[in-house]
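Notes to accompany the following structure.
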């Protein structure tokens, strides 16, 4: 019997991603803005659809058939080693022989964040174009903690990896330990709107989250940043760029740098 192929075009990426794992997905591949995964023949795909739509009512869920394959292992072939400036991001099975000082090893599990996604690479590129050595960093919506680990590898003094999803916390902590940066990276479970003011002042805020959440968090970021601080925003679709730039201008932000890859836009911003 054939496996079920499930493709989700989400309106809320994080909610849909969490729902797929809740429904039993062993791995999720991001194809542009879409989330793609596979379920065994005996899986109740109607339940999968219900779980996704309950979490993200605006999502489109497409179900097809795929060859009878052990997708719990085969999906690993979709991930690759990524070189982003001075850093390399890789899954554990491709890490042999790489320099630990410049390598970020991420075991993808129930958390967003591998080097295979353009938003991760966008933030990582922008991070290397601002002063970050000896700086205090807050990574909100940290997911797998890939960006927090990147900041530590680039010399950040302290990094607070803030993540609301309890299912992602264990994976984030394991990745921090695996990369031997637990002396500088501290994983904190909770809401960024509550925690970011408690972490202030910070020199850099990293935020790879949905653009609608960026808008809600901009005042909190502004209050938490040191006077010469920077925030790096990602998770923004290219066609959302204009509206977000207008919002940033209204809220008193200036764009210092930009990055675009595929359908995604990232930006470094500061207070005027």
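Only the coordinates and a few stated rules stand behind these numbers; no lab work does. Predicted model, so just to flag it, every value in this text is computed and none were measured. As a convention, Cβ positions derive from the backbone with ideal geometry for all residues, glycine included, and neighbour counts pool all protein chains shown.
Observations on the structure shown:
- In this rough spin-label picture, where each label sits 7 Å from Cα along the Cβ direction, the residue 34-residue 93 distance is 2.4 nm.
- Efficiency of FRET between residue 63 and residue 183 - r from beta-carbon atoms, R0 41 angstrom, step 0.05: 0.35
- Residue order for 165, 56, fewest other beta carbons within 10 angstrom first, comes to 165, 56.
- Working from label points 7 Å from Cα in the Cα-to-Cβ sense, the residue 83 to residue 272 distance is 4.1 nm.
- Each semi-axis of the equivalent ellipsoid for the chain is √(5λ) with λ an eigenvalue of the Cα gyration tensor; in descending order they amount to 31, 22, 16 Å.
- When Rg and Dmax are taken over the Cα atoms of the range 88-217, they come to 13.4, 43 Å.
- Between the range 1-62 and the range 221-272, the Cα center-to-center distance that results, in Å: 30 Å
- Length gained on full extension, residue 133 to residue 2, computed as 0.36 nm times the residue gap minus the Cα-Cα distance: 42.1 nm.
- Sorting 246, 211, 266 by the number of Cβ atoms found within 10 Å of their own Cβ, with the fewest placed first, yields 246, 211, 266.
- Computed from the C-beta positions of residue 157 and residue 191, the FRET efficiency with R₀ = 25 Å rounds to 0.55.
- Cβ-Cβ FRET estimate between residue 102 and residue 255, R0 fixed at 30 Å, reported to 0.05: 0.60
- Cut-off 18 Å (backbone N to label point 7 Å along Cα→Cβ of residue 238), residues of the range 21-61: 31-34
- In summary, the convex hull built on the alpha carbon positions of the range 3-75 has an orientation-averaged projected area of 4.1 nm².
- Cα centroid of the range 199-216 to Cα centroid of the range 148-196, whole Å: 14 Å
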